[in-house]
Amino acid sequence: MFQLKIYTINNNENADIYLNKHWKRHLVSLPKHGITVHNVYKEVGTDGECRIFALVSSDGDLSA
């Protein structure tokens, strides 16, 4: 099953921290739980708000 996770973050600086600190940790921890991360993207809106998109998959339940 594939799932697109979307995280809204209030500004670009915090989005960069989230990507460079937290998502790097997720790239290590998620495979241990059978979750494959296919890609992670950042979108910066015209209002400065950012969204992080993560495409993940698993043979198990991703609804949590």
Considering residues of segment 1-34 that are of a type in the set (Val, Ile, Thr) and touching an Asp or Glu at 6+ places or on another chain (Cβ under 9 Å) only, the residue most open to solvent (accessible area, probe 1.4 Å): 8
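Filtering segment 39-50 down to residues that are more than 10 Å from the chain's Cα centre (by Cα) and of a type outside the set (Gly, Ala, Ser), which residue is most open to solvent (accessible area, probe 1.4 Å)?
Of segment 39-50, the ones more than 10 Å from the chain's Cα centre (by Cα) are 43-50.
Next, only the ones that are of a type outside the set (Gly, Ala, Ser) stay: 43-44, 46-47, 49-50.
Working: 43: 75, 44: 80, 46: 158, 47: 118, 49: 82, 50: 0 Å².
Per the stated criteria, the residue is 46.
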Under the condition of being of a type in the set (A, V, I, L, M) and touching a residue at least 40 places away in the same chain (Cβ under 8 Å), which residue from segment 42-56 is nearest to residue 15 (Cα to Cα)? 52
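The values are calculated or read from the model by the stated rules, or taken from the named source; none is laboratory data. Predicted model only: the values in this text are computed from it and were never measured. With ideal geometry, Cβ positions are generated from the backbone for all residues, glycine too; neighbour counts draw on all protein chains shown. The accessibility values were calculated without ligands, DNA or RNA, using every heavy atom of the protein model including side chains. Shrake-Rupley method; radii C 1.70, N 1.55, O 1.52, S 1.80 Å.
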